[in-house]
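Presented below is the structure to which this report refers.
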Number of protein chains: 2
Amino acid sequence: MPEPHVFDMATTLIPISEGHYQGQTSPDYANMAGPFGGVTAANLMQSVLLDPRLQGDPVSITVNFCAAVKTGGYTVTNVLKRDGKYIQHWSVELVQQGILAATASVITAQRKAEFSRDQVQKPTVRTLEDSDLPTMRAPLKWLERYDFRFVEGMPDFTGQTGSESQSAKTTQYVADLPPRPLDYLSLTSLSDAFVLRLLLVRPKLVPAGTVSLTTHFIGSRADIAEQGDAHLLGVADATRFHGNFHDQHMQLWSTNGKLLATGTQIVWFKS
Amino acid sequence: MPEPHVFDMATTLIPISEGHYQGQTSPDYANMAGPFGGVTAANLMQSVLLDPRLQGDPVSITVNFCAAVKTGGYTVTNVLKRDGKYIQHWSVELVQQGILAATASVITAQRKAEFSRDQVQKPTVRTLEDSDLPTMRAPLKWLERYDFRFVEGMPDFTGQTGSESQSAKTTQYVADLPPRPLDYLSLTSLSDAFVLRLLLVRPKLVPAGTVSLTTHFIGSRADIAEQGDAHLLGVADATRFHGNFHDQHMQLWSTNGKLLATGTQIVWFKS
């Protein structure tokens with residue numbers, strides 16, 4: 001039997017009772033303080049995906065990061081707040097040693113695909129096969145769990161940029177490392193796999209972190225399945241840094257030009 | 001004593017005990033089924049703004065609409081889930097006759113303004129003083145509570161468009177009617193004061209509604225105060241309609257060119 005993928009190990013939840021699970025942080029996805037937020041988000045999503053009451057597929061998740069997750073075990077508890085004809089509303093909490101570390105609201109729905117229209121086109125950029133696309137030298141474990149190829153806006157962790165970038169925009173190809181077929185679980189995590197825009201416009205390390213992360217799953221189950229383990233094209237940007245916060249919005253595109261997910265997060269930073 | 005503004009009446013909550021309030025729907029903000037979602041969002045925000053434990057200003061709100069709000073009374077209950085040094089996390093529920101109609105997570109924070117940078121510019125469009133800007137003839141009560149002046153993408157409620165619009169984008173000036181000085185409460189509601197993008201690209205009335213609404217308050221208290229009762233410039237667009245859902249993102253700009261709020265919502269529609 002092949003060893004499970006590190007991402008699957010990092011998102012393994014053991015069912016205790018209806019809506020109650022036990023999880024464990026993974027050193028493979030360590031961030032500056034605690035695990036990478038994308039994997040925390042995926043743990044919260046996982047509790048819904050594993051739930052026998054689930055009907056349909058994820059449509060939306062909002063994760064609120066309340067306190068740093070520490071190395072070790074935690075419980076994930078979901079409540080099915082509303083079970084409608086088409087749509088289910090879930091509330092999820094991640095608790096560690098009595099401390100609420102993260103909450104999430106998850107919306108799932110039974111989806112058909114009768115009316116479909118794309119309003120935006122996948123950006124035309126250099127291809128993944130372009131061997132000149134740089135990858136990242138990064139001091140954080142979780143960054144090693146993704147293969148990044150930067151079209152523009154590669155973050156600089158050396159602190160040697162000298163001058164601040166004018167643009168907060170990153171366009172990157174990104175895939176799990178080692179490769180893993182895309183699913184809703186990994187897409188949840190990938191939606192947070194852009195470094196904080198603050199690091200681009202102000203390459204000075206100050207305490208900072210995502211406070212709230214919202215992802216909308218625009219792609220269908222079929223769109224996601226056909227992607228396999230190929231790199232997604234991701235675009236992230238910010239509109240305004242002000243009063244200790246900045247926003248950060250993103251899009252994730254499939255190889256076939258389908259928009260799979262859009263999202264926004266709000267990031268706190270110390271001045 | 002002057003009569004209170006209709007918006008203040010529609011967002012009046014009577015404190016019952018810590019975190020518990022009683023509210024009442026307002027016929028002035030009626031939508032197709034139940035009240036305008038923006039006013040429901042403002043009611044949830046109001047419970048936090050009125051709470052004596054609040055320290056700081058709103059940063060983010062995500063509202064999940066679980067069931068139609070019916071005409072009449074409701075309770076709004078908040079829980080301060082996490083009270084940090086800089087940031088507070090609130091969970092709020094609106095319950096009516098034992099039915100959970102809406103949930104929200106609200107993030108508030110103490111904000112200073114040392115590092116500030118704008119990454120995007122206010123769109124250069126026709127001015128509000130341009131008397132050719134059309135306003136909307138609309139069959140819904142809540143639409144009469146805002147003064148809309150359309151730069152582009154005016155929705156057509158007559159069903160006489162004939163052909164579908166290619167663009168899902170609306171650029172509009174918008175202000176409370178009658179005029180009311182802007183604050184976090186009205187900004188919460190204004191963040192939802194764009195009709196569903198579906199109505200632009202597919203002017204055929206089908207059951208549809210916002211399922212989840214996220215707003216980030218990028219502007220500071222001072223930015224909001226200096227706006228007074230002048231019209232905001234709002235821009236809304238969608239990226240993809242697929243599998244019974246579409247996203248809808250928006251920006252709200254002050255007269256002085258400051259980005260006050262950005263947001264995204266996910267909208268369900270019947271095919």
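The values are calculated or read from the model by the stated rules, or taken from the named source; none is laboratory data. For clarity, every value in this text was computed on a predicted model and none was experimentally measured. Don't worry about glycine lacking a Cβ; one is built from the backbone with ideal geometry, like all the others, and counts go over all protein chains shown. Please note that ligands, DNA and RNA were not included when accessible areas were found on the heavy atoms of the full protein model with its side chains. Shrake-Rupley method; radii C 1.70, N 1.55, O 1.52, S 1.80 Å.
Structure notes:
- Backbone N under 19 Å from the residue B:33 label point (7 Å along Cα→Cβ), restricted to region B:113-148: B:139-143
- Part-to-part distance (alpha-carbon centres) for region A:66-134 and region A:200-271, which is given in Å: 12 Å
- Computed over protein heavy atoms with a 1.4 Å probe, the accessible surface of chain B works out to 40 Å² per residue.
- In chain A, Cα pairs under 8 Å separated by at least six residues give a relative contact order of 17 percent.
- Computed from protein heavy atoms with a 1.4 Å probe, the total accessible area buried between B and A is close to 5600 Å².
- When region A:106-234 is described by a simple charge dipole with +1 on each Lys and Arg Cβ and -1 on each Asp and Glu Cβ, the residue from A:175, A:140, A:212 located farthest towards its positive end is A:212.
- Peptides B:121-130, B:184-193, ordered by how many other C-beta atoms sit within 10 Å of their residues on average, highest first, read B:184-193, B:121-130.
- Volume per residue of the C-alpha convex hull in chain B, rounded to whole Å³: 145 Å³
- Shortest-first distances to equivalent copies, position residue B:120, nm, label 7 Å out along Cβ: 0.9
- Of B:70/B:270; A:270/B:169; A:70/A:169; B:141/B:204; A:141/B:85, those spanning more than 25 Å from alpha-carbon to alpha-carbon: A:270/B:169; A:70/A:169; A:141/B:85
- Charge tally for residue A:103 (other residues, Cβ to Cβ under 10 Å; Lys, Arg +1; Asp, Glu -1): +1.
- Over the residues of chain A, the helix contribution to mean residue ellipticity at 222 nm works out to -3000 deg cm²/dmol, using -39500 (n - 2.57) for each DSSP H run of at least 4.
- Averaged over peptide B:257-267, the number of partner chain Cβ atoms lying within 10 Å of each residue's Cβ comes to 4.
- Summed side-chain charge close to residue A:226 - residues other than residue A:226 whose Cβ falls under 13 Å, Lys, Arg +1, Asp, Glu -1: -1
- The same position residue B:2 in the other copies lies at 7.0 nm from this copy, comparing label points 7 Å beyond Cα toward the beta-carbon, shortest first.
- Ranking of A:231, A:249, A:89 by solvent-accessible surface, largest first: A:249, A:231, A:89 (1.4 Å probe, protein heavy atoms only, all chains present).
- The protein assembly as shown shape via C-alpha gyration tensor axes, a/c threshold 1.5: rounded
- Segment residue B:118-residue B:140, extension gain: residue separation times 0.36 nm, minus the distance between their alpha carbons: 4.3 nm
- Radius 11 Å from Cβ of residue A:118, net charge of other residues (Lys, Arg +1; Asp, Glu -1): +4
- For A:105-118, mean number of other protein chain Cβ atoms within 10 Å: 6
- Summary for residue B:20: label point 7 Å along Cα→Cβ; distances to the equivalent points in the other copies, ascending, 2.7 nm.
- Of the peptides A:30-40, B:51-61, the order by per-residue mean of other Cβ atoms within 10 Å, starting with the highest, comes out as A:30-40, B:51-61.
- Residue by residue, region B:99-105 carries 3J(HN,Hα) couplings of 9, 6, 9, 7, 10, 8, 10 Hz when phi is fed to the Karplus relation 6.51 cos²θ - 1.76 cosθ + 1.60 (θ = phi - 60°); x denotes Gly or Pro.
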